[in-house]
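Engineer: This structure is in structure tokens; I'll ask about it shortly.
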Amino acid sequence: MVNVAVAGGTGGAPDGVDLGAPVIAVDYDDVDALQTVLEQHEINTVISTLALHIIGVGQAQINLIKAAEKSEPTKRFVTGTWAVQPEIKWFDLLPYGFQHVASYTELEKTHLEWTAFNVGWFLEYYAMPNVETYIPQSTFVVDMANRHASIPGDGKQKMTFTYTRDVAKFVAAALDLPKWERNTYAIGDKLTWDEFVKIAEEARGGEKFIVTYDDVEKLRTGNVTELPGQAASYSYLPKESAQRLFSAFGIWVTEGIFDFPDEKLLNKQFPDIKVTTAREMLQAAWKGK
């Protein structure tokens with residue numbers, strides 16, 4: 001067993017909830033103070049869940065990387081990716097992509113063993129509000145509540161989905177691996193968007209969804225067909241930013257970036273880890289609603 005620090009791990013959790021571990025307030029602007037905390041608690045592994053989609057948070061992760069490098073007991077670092085780590089060129093499409101690139105560049109300067117967890121899109125986004133989770137609502141491609149979908153490309157490319165509780169299982173298991181690769185892959189389910197919509201329609205009682213397809217030419221303009229449920233997130237993710245973000249991810253879908261190599265999946269190394277499939281999640285969340 002090793003000591004692990006989860007940076008940003010309280011985000012989204014209600015006040016007073018028992019997280020099952022000590023909560024330590026830190027100053028992410030102070031590298032030396034961060035180093036002191038890591039050393040005081042003899043932290044071997046830092047797991048960053050800092051929200052890199054928020055401009056400015058990238059510097060906090062860079063400071064954390066610098067502190068981990070300086071901390072004598074700290075040997076491993078999980079960067080705050082939690083979706084997919086594509087080739088660097090693809091990050092140029094994201095409004096905040098430079099923050100990921102800066103972190104990878106900083107990590108390459110260190111002696112830390114580090115990895116990025118590639119888990120695709122969090123599955124519970126399509127079960128909210130009927131699922132237990134601490135992450136905020138985000139509507140990408142399929143709007144379950146309003147029975148709409150705007151699919152990138154032709155709907156035939158594979159997409160990966162993983163429930164965050166299953167992600168946690170794989171992260172815990174990976175702590176015992178003797179060696180980490182730069183990319184760590186784990187999935188709950190892999191489907192085309194056409195297949196996902198069919199499962200969604202079944203979960204919503206068989207009624208057909210209103211489906212549109214956004215071709216690559218449209219996606220390259222930074223636009224997607226707006227879904228009714230996306231407006232609810234504009235208070236913290238303005239429409240222009242949301243359009244650019246979802247169009248970028250749509251291009252990634254059409255390029256097969258979310259179709260992870262089966263031979264590299266942690267699922268194969270840890271076959272006893274039971275994962276939640278899309279059908280299971282959607283049926284549990286929406287059947288009869």
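The values are calculated or read from the model by the stated rules, or taken from the named source; none is laboratory data. Just so it is clear, the structure is predicted and the values come from calculations on it, not from any experiment. Reconstructed Cβ throughout: ideal geometry from the backbone, glycine too, with neighbour counts over all protein chains shown.
Engineer: Give the stretch 132-144 a look and list any residue that's surrounded by fewer than 19 Cβ atoms within 10 Å (Cβ to Cβ) and aliphatic (A, V, I, L, M), or say none.
Structural biologist: Of everything in the stretch 132-144, just one residue is surrounded by fewer than 19 Cβ atoms within 10 Å (Cβ to Cβ) and aliphatic (A, V, I, L, M), namely I135.
Engineer: Condition first: in contact with a strand residue (DSSP E or B) (Cβ under 8 Å, 6 or more places away or on another chain), charged (D, E, K, R) and in a loop (DSSP other than H, G, I, E, B). Now tell me which residues in the stretch 245-273 satisfy that.
Structural biologist: If the condition is that a residue be in contact with a strand residue (DSSP E or B) (Cβ under 8 Å, 6 or more places away or on another chain), charged (D, E, K, R) and in a loop (DSSP other than H, G, I, E, B), then D259 is the only one that fits.
Engineer: What are the residues in the stretch 224-239 that are of a type outside the set (S, T, Y), out of contact with any strand residue (DSSP E or B) (no Cβ under 8 Å at 6 or more places or on another chain) and surrounded by 12 or more Cβ atoms within 10 Å (Cβ to Cβ), if any?
Structural biologist: A231, A232, L237, K239
Engineer: Scan the stretch 133-173 for residues that are more than 24 Å from F270 (Cα to Cα) and of a type in the set (D, E, K, R) and report the count.
Structural biologist: 4
Engineer: Considering the stretch 228-244 alone, what residues qualify as being part of a loop (DSSP other than H, G, I, E, B) and touching a helix residue (DSSP H, G or I) at 6+ places or on another chain (Cβ under 9 Å)?
Structural biologist: Residues satisfying the conditions are Y234, L237.
The rows are residues; the columns are (1) crowded, with 21+ Cβ neighbours inside 10 Å; (2) modelled with pLDDT of 95 or more; (3) among the aromatic types (F, W, Y); (4) outside the structural domain of Q243 (by TED's automatic domain parsing).
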position: A5; (1), (2), (3), (4): yes, yes, no, yes
position: G9; (1), (2), (3), (4): no, no, no, yes
position: G12; (1), (2), (3), (4): no, no, no, yes
position: L34; (1), (2), (3), (4): yes, yes, no, yes
position: H53; (1), (2), (3), (4): no, no, no, yes
position: I62; (1), (2), (3), (4): no, yes, no, yes
position: A68; (1), (2), (3), (4): yes, yes, no, yes
position: P95; (1), (2), (3), (4): no, no, no, yes
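Engineer: Quick one: is F270 closer than 30 Å to T45 by Cα, within 21 Å of the chain's Cα centre (by Cα), at pLDDT 95 or above and among the aromatic types (F, W, Y)?
Structural biologist: yes
Engineer: If I ask for residues that are assigned to a loop (DSSP other than H, G, I, E, B), touching a strand residue (DSSP E or B) at 6+ places or on another chain (Cβ under 8 Å) and of a type in the set (A, V, I, L, M, F, W, C), which ones from the stretch 105-151 would you list?
Structural biologist: L112, V119, I135, F140, V141
Engineer: May I ask you to verify whether F246 is of a type in the set (F, W, Y), closer than 16 Å to V141 by Cβ and surrounded by 12 or more Cβ atoms within 10 Å (Cβ to Cβ)?
Structural biologist: Yes, satisfied.
Engineer: From the list T110, T212, which one is among the polar types (S, T, N, Q), assigned by TED's automatic domain parsing to the domain that holds W90 and modelled with pLDDT of 95 or more?
Structural biologist: The conditions single out T110.
Engineer: When residues of the stretch 127-155 are filtered for being in contact with an Asp or Glu (Cβ under 9 Å, 6 or more places away or on another chain) and within 29 Å of E181 (Cβ to Cβ), how many remain?
Structural biologist: Of the residues in the stretch 127-155, 4 are in contact with an Asp or Glu (Cβ under 9 Å, 6 or more places away or on another chain) and within 29 Å of E181 (Cβ to Cβ).
Engineer: Another question, then. Only one of these conditions is not met by R76: (1) surrounded by 23 or more Cβ atoms within 10 Å (Cβ to Cβ); (2) in contact with a helix residue (DSSP H, G or I) (Cβ under 9 Å, 6 or more places away or on another chain); (3) not acidic (D, E). Which number is it?
Structural biologist: Just one mismatch for R76, condition (1).
Engineer: Which condition from (1) more than 25 Å from K289 (Cβ to Cβ); (2) modelled with pLDDT of 95 or more; (3) part of a helix (DSSP H, G or I) is the one that K156 breaks?
Structural biologist: Looking at each condition in turn, K156 falls short on (3).
Engineer: Continuing with this model, one more query. Looking at K156 and the list (1) surrounded by fewer than 18 Cβ atoms within 10 Å (Cβ to Cβ); (2) within 28 Å of L107 (Cα to Cα), which single condition is not satisfied?
Structural biologist: Only one criterion in (1) surrounded by fewer than 18 Cβ atoms within 10 Å (Cβ to Cβ); (2) within 28 Å of L107 (Cα to Cα) is unmet by K156, namely (2).
Engineer: Within the stretch 163-200, track down each residue that is aromatic (F, W, Y) and more than 24 Å from H148 (Cβ to Cβ).
Structural biologist: F170, W180, Y185 - these are the residues of the stretch 163-200 that are aromatic (F, W, Y) and more than 24 Å from H148 (Cβ to Cβ).
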